[in-house]
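See structure below.
The values are calculated or read from the model by the stated rules, or taken from the named source; none is laboratory data. For clarity, every value in this text was computed on a predicted model and none was experimentally measured. Reconstructed Cβ throughout: ideal geometry from the backbone, glycine too, with neighbour counts over all protein chains shown. Ligands, DNA and RNA are stripped out before the accessible areas are found, and what is left, the full protein with its side chains, is counted by its heavy atoms. Shrake-Rupley method; radii C 1.70, N 1.55, O 1.52, S 1.80 Å.
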Amino acid sequence: MDCYTANWNPLGDSAFYRKYELYSMDWDLKEELKDCLVAAAPYGGPIALLRNCWRKEKAASVRPVLEIYSASGMPLASLLWKSGPVVALGWSAEEELLCVQEDGAVLVYGLHGDFRRHFSMGNEVLQNRVLDARIFHTEFGSGVAILTGAYRFTLSANVGDLKLRRMPEVPGLQSAPSCWTTLCHDRVAHILLAVGPDLYLLDHATCSTVTPAGLAPGVSSFLQMAVSFTYRYLALFTDTGYIWMGTASLKEKLCEFNCNIRAPPKQMVWCSRPRSKERAVVVAWERRMMVVGNAPESIQFVLDEDSYLVPELDGVRIFSRSTHEFLHEVPVASEEIFKIASMAPGALLLEAQKEYEKESQKADEYLREIQELGQLVQAVQQCIEAAGHEHQPDMQKSLLRAASFGKCFLDRFPPDSFVRMCQDLRVLNAIRDYHIGIPLTYSQYKQLTIQVLLDRLVLRRLYPLAIKICEYLRLPEVQGVSRILAHWACYKVQQKDVSDEDVARAINQKLGDTPGVSYSDIAARAYGCGRTELAIKLLEYEPRSGEQVPLLLKMKRSKLALSKAIESGDTDLVFTVLLHLKNELNRGDFFMTLRNQPMALSLYRQFCKHQELDTLKDLYNQDDNHQELGSFHIRASYAAEERIEGRVAALQTAADAFYKAKNEFAAKATEDQMRLLRLQRRLEDELGGQFLDLSLHDTVTTLILGGHNKRAEQLARDFRIPDKRLWWLKLAALADLEDWEELEKFSKSKKSPIGYLPFVEICMKQHNKYEAKKYASRVGPEQKVKALLLVGDVAQAADVAIEHRNEMELSLVLSHCTGAADGATADKIQRARAQVQKK
């Protein structure tokens, strides 16, 4: 245990810092780190190197090479730089490499050196050139800040949604600031810069002078500044050798340290652990590195070669030509277990487990001591927590064995934390492997989340490892295996050395019907790579037509899209394709395509009926569909024509079409309608009133209501209206007029073809019983009882029913015998019914 703490370095009385090796770097660097632009992504991310040949007095004739490595030094990409001079490199939160050029253009590359996109930082930056640049991270994404040759700042807080912001001018600034950095406060990005002894804070509208709280006097210049990983704290290195540390607002001072070195440091970064009260800054010169904090002494390290510092959430990564190390504050759980002469519960439990493996009775003594203090639960938790912060698997296993040993003596210790830690460490050890090269710590892993880690493995094309992690952690398929397989398939379609048939078959065999995988997305990627035939083959495996059709249209395979839409039975989808085809093809080809697809033709006709009548007419003409063409002209005569002459002409065209279709009934009906229209126009001219557009029956009724009986009868004769229908029309019209005298004359004009019961009914409908009784007596014997009941003569109806000896009529009369006065009639009916039934 004493040997284990040999690399622990105390900083004051309350904190230890340790530095351990992550990887022995095996990269074959052609240049020294000091001669390169260097960018390393946080969270164990990749490293980018580009030889900085542009800052030399005479630029080299050989173009530099942009090289990308994993954190373990494994090469990921290498490409010859063919663009302009580069001022700064940096990684976005999505692990895209941002290359800021001198002309203000920012080129974005993927992890494997594939060019993604580019954008410009504005015309002003282009005119004045770029002196310096910073890539920073906020909660909104990754940003870029630019210092131009005019000593003005321009920044964008999110390169994914580029919105350039020109910062206010610093009064009297005639040269580049000695140092500057970006701060993020209240969701707004600020620029903090040093000019001589003054500090200026730039926001979107103002430039204000700020003074650090409690700064030692005598400062004439600030040489370096560093903001913490979370943007909460700030460190300033002055020309007097003092390092001021405080909050990012500069209103509160944490501490100040005199390093007795006035030379400007090469790098200065924060080294702090989440939820820790200790704050420390790592300062590096060419061959010396120092860790300073709120303590009178510092921790000193000698650097044997050029090194580069990468700030992390819980420490600092330090890589050089030969090694990659991690410096961090020792976590509390590890400190309590491993520090010399520790009597913490975790330390005693670890010793108890070791003695138990030796079969020593001391194991029982240690265990009893923990149990007597009631600290066994705390001891188990300490061992589990400390295991998470250890980098070496052997020490992880030792601590987890101790935790498992302690759990055996607890009745109700929840196993979740232990199981989860075992799972997390197995995942972390897998990705820390040299060939993977992602040296995440436990704290970084929890901050990053498993989903982001899987995304980063997919980005590195480590699909088998990502799938194994998903299966091991039993993640839902849609979030885990399915998503990774979809990414694998999208990468597979980019392999142009394999035939379309083989790629499609391989993808289908691997994916099958995996839930959450969209073949249309994979096909879209294939089409984007210029492999249209492969995209079509992949779409054959897509079960959802709604996903197939839009991509087929995009690929100019409209006829195939139409077939797929028709197969789906989705009319909206068919309409979408039809409208696309209409805009894409000429009129003749479009109509020929529709003729080969009857369902599409039918749907398009329905569409044209509401939207494009002229097109509908052309369709009918092309198909020689005279029946539908006649119907079309009839609808057009009413919908489009207002003049009677135009309507008659349209109807005549319809009649001709019906004759061609050999539909004589429709043709005759159309000709009758033409005659009626002409007659209605003549009636309006002669009699006034509104006749046009009335039906034949309504025209007759209107004439009767207007007292033009002879004209009504003539119209009935002309159009061969049957007598029964004419009598009904006249009966209804005279009753509405309540012209009872004319109605009586009409009823006596000749024998009624409809009988006289309708006269009774319509009079009663008008509440005129007196007139109704006149016609009741004239009703024939078969309807006599009903007529008498309508006028309320129950007694006479009963006599007629008894006389007829009809059981149905007797029952009908009996149903109307409701009052006391009808009691005798009811008895009489009952006796008659009985006799009829008996007979």
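A few notes on this one:
- Which listed residue is open to solvent by less than 10 Å² (accessible area, probe 1.4 Å) and in a loop (DSSP other than H, G, I, E, B), from LEU173, LEU155, LEU111, LEU98: LEU111
- Flag if ARG483 is closer than 22 Å to TYR445 by Cβ, free of Cβ contacts under 8 Å to residues at least 12 places away in the same chain and under 26 Å from the mean Cα position of the chain (by Cα): no
- The residues listed here are LEU199, LEU192, LEU215; of these, the one that is under 30 Å from SER276 (Cα atoms), part of a loop (DSSP other than H, G, I, E, B) and of a type outside the set (Val, Ile, Thr) is LEU215.
- Of all residues in region 562-603, those that are among the basic types (Lys, Arg) and open to solvent by less than 80 Å² (accessible area, probe 1.4 Å) total 2.
- In the set (1) open to solvent by less than 70 Å² (accessible area, probe 1.4 Å); (2) at pLDDT 75 or above, the condition left unmet by LYS765 is number (1).
- Checklist (1) under 30 Å from LEU553 (Cβ atoms); (2) assigned to a helix (DSSP H, G or I); (3) over 25 Å from the mean Cα position of the chain (by Cα) applied to VAL498, failing item: (2)
- When the test is whether a residue is in contact (Cβ under 8 Å) with a residue 12 or more places away in the chain, open to solvent by 70 Å² or more (accessible area, probe 1.4 Å) and of a type outside the set (S, T, N, Q), ARG557 passes it.
- The single condition among (1) open to solvent by 40 Å² or more (accessible area, probe 1.4 Å); (2) modelled with pLDDT of 95 or more that GLU471 does not satisfy is (2).
- Members of region 511-530 that are open to solvent by 10 Å² or more (accessible area, probe 1.4 Å) and either β-branched (Val, Ile, Thr) or not in a helix (DSSP H, G or I) (or both): GLY512, ASP513, THR514, PRO515, GLY516, VAL517, SER518, CYS529, GLY530
- Residue count for region 17-51, restricted to those that are part of a strand (DSSP E or B) and either more than 17 Å from ALA77 (Cβ to Cβ) or open to solvent by 10 Å² or more (accessible area, probe 1.4 Å) (or both): 13
- For the criterion of being over 23 Å from PHE222 (Cα atoms) and open to solvent by less than 10 Å² (accessible area, probe 1.4 Å), SER142 passes.
- Tally, over region 650-664, of residues that are modelled with pLDDT of 75 or more and either outside any helix (DSSP H, G or I) or open to solvent by 20 Å² or more (accessible area, probe 1.4 Å) (or both): 8
- Qualifying positions in region 364-408 - more than 29 Å from ASP433 (Cβ to Cβ), crowded, with 19+ Cβ neighbours inside 10 Å and among the small types (Gly, Ala, Ser): ALA379, GLY406
- Candidates GLY12, GLY73: the one that is among the small types (Gly, Ala, Ser), touching a Phe, Trp or Tyr at 6+ places or on another chain (Cβ under 9 Å) and touching a residue at least 12 places away in the same chain (Cβ under 8 Å) is GLY73.
- Positions within region 423-450 being among the hydroxyl-bearing types (Ser, Thr, Tyr) and surrounded by fewer than 18 Cβ atoms within 10 Å (Cβ to Cβ), in sequence order: TYR434, THR449
- Meets criteria (closer than 28 Å to GLN447 by Cβ and open to solvent by 10 Å² or more (accessible area, probe 1.4 Å)) for TYR4: yes
- Filtered residue count, region 176-197, keeping only those that are surrounded by fewer than 21 Cβ atoms within 10 Å (Cβ to Cβ) and out of contact with any strand residue (DSSP E or B) (no Cβ under 7 Å at 6 or more places or on another chain): 6
- Filter result for ARG273 (among the basic types (Lys, Arg) and over 30 Å from PHE405 (Cα atoms)): no
- In region 364-386, the residues that are assigned by the TED database to the domain that holds PRO414 reach residues that are of a type in the set (Asp, Glu) and open to solvent by 10 Å² or more (accessible area, probe 1.4 Å) with C-beta atoms within less than 6 angstrom, at least six apart or across chains, in these pairs: TYR366/GLU351.
- Note on region 689-755: enclosed helices (runs of 4 or more DSSP H) holding 2 or more residues that are over 29 Å from VAL779 (Cβ atoms) are 696-705, 709-718.
So that you can scan it fast, the table gives a plain yes or no per residue for (1) closer than 29 Å to PRO177 by Cα; (2) open to solvent by 20 Å² or more (accessible area, probe 1.4 Å); (3) modelled with pLDDT of 95 or more:
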| site | (1), (2), (3) |
| --- | --- |
| THR230 | yes, yes, no |
| LYS251 | yes, yes, no |
| SER276 | no, no, no |
| VAL283 | yes, no, yes |
| MET290 | yes, no, yes |
| ASN294 | yes, yes, no |
| HIS324 | no, no, yes |
| GLU335 | no, yes, no |
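- Residue count for region 218-228 under the criterion of being outside any loop (DSSP other than H, G, I, E, B) and open to solvent by 30 Å² or more (accessible area, probe 1.4 Å): the result is 3.
Quick grid of which residues meet (1) more than 18 Å from LEU111 (Cβ to Cβ); (2) touching a Gly at 6+ places or on another chain (Cβ under 9 Å):
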{"position": "THR5", "(1), (2)": "yes, no"}
{"position": "PRO10", "(1), (2)": "yes, no"}
{"position": "ASP13", "(1), (2)": "yes, no"}
{"position": "MET25", "(1), (2)": "yes, yes"}
{"position": "GLU32", "(1), (2)": "yes, no"}
{"position": "ASP35", "(1), (2)": "yes, no"}
{"position": "ALA41", "(1), (2)": "no, yes"}
{"position": "GLY44", "(1), (2)": "no, yes"}
{"position": "LEU50", "(1), (2)": "no, no"}
